[in-house]
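First comes the structure, then the notes that go with it.
The values are calculated or read from the model by the stated rules, or taken from the named source; none is laboratory data. Remember, it's a predicted structure, so these values are computed and weren't measured experimentally. Here the Cβ positions follow ideal geometry from the backbone for every residue, glycine too, while neighbour counts run over all protein chains shown.
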């Protein structure tokens, strides 16, 4: 056997030995799936009430009528009980809209005790109703909608509204807490009881 033939045989045998190794490597490469990136879920932030883009719960005050607003205001507890005594709840709850100039507890406390006691007697219930309805104006008038001049009340007599800049007066009473919104109107707290012209206490 000459040298050329020996080299050919050796080369062929070496190639046959390496072929399974190359085939195995090729198979492994073909079976390896391409790397894939799993989508990362976007981070979510819990909704925060009052923040833009988040659900805002309904405003509770808007679901309340004017008597609810008065009852839930700690400075109007006396007025709330007097409305009960005068049996005006149904009227103020179902009607409207109303603008109510609501005397504060301090306004009622300024009345002499004998006067308060007299007003709560059964025989004076009509007088009490007349006084309370004198604090009620038809319509929904926020503080910035009030204008100087006379405004007719539910009692049948007008009140005199005076607007001076940010200060609002109704007869001699001063608005000290405006714009308590309700479903059927608005409540403005005043610092004095407003008496109709034909009522003397």
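Based on this model, can you work out whether residue 152 counts as at pLDDT below 95, surrounded by fewer than 16 Cβ atoms within 10 Å (Cβ to Cβ) and under 18 Å from residue 91 (Cβ atoms)? In short, no.
Please verify whether segment 73-93 includes one or more residues that are at pLDDT below 90 and surrounded by 15 or more Cβ atoms within 10 Å (Cβ to Cβ). Scanning segment 73-93, I find no residue that is at pLDDT below 90 and surrounded by 15 or more Cβ atoms within 10 Å (Cβ to Cβ), so the answer is no. Selection of helices (runs of 4 or more DSSP H) fully inside segment 92-179 by the criterion of at least 1 residues being within 32 Å of the chain's Cα centre (by Cα) and under 17 Å from residue 190 (Cβ atoms) returns 105-109, 125-133. When segment 126-165 is filtered for residues that are in contact (Cβ under 8 Å) with a residue 60 or more places away in the chain and touching a helix residue (DSSP H, G or I) at 6+ places or on another chain (Cβ under 8 Å), the ones remaining, listed by number, are 127, 131.
Of all positions in segment 81-99, at least one carries a residue that is in contact with a strand residue (DSSP E or B) (Cβ under 9 Å, 6 or more places away or on another chain) and within 19 Å of residue 169 (Cβ to Cβ). Summed over segment 180-201, the residues that are surrounded by fewer than 16 Cβ atoms within 10 Å (Cβ to Cβ) and part of a strand (DSSP E or B) give a count of 1. Is there a residue being at pLDDT 50 or above and surrounded by 10 or more Cβ atoms within 10 Å (Cβ to Cβ) anywhere in segment 45-63? Yes; the residues of segment 45-63 include at least one that is at pLDDT 50 or above and surrounded by 10 or more Cβ atoms within 10 Å (Cβ to Cβ).
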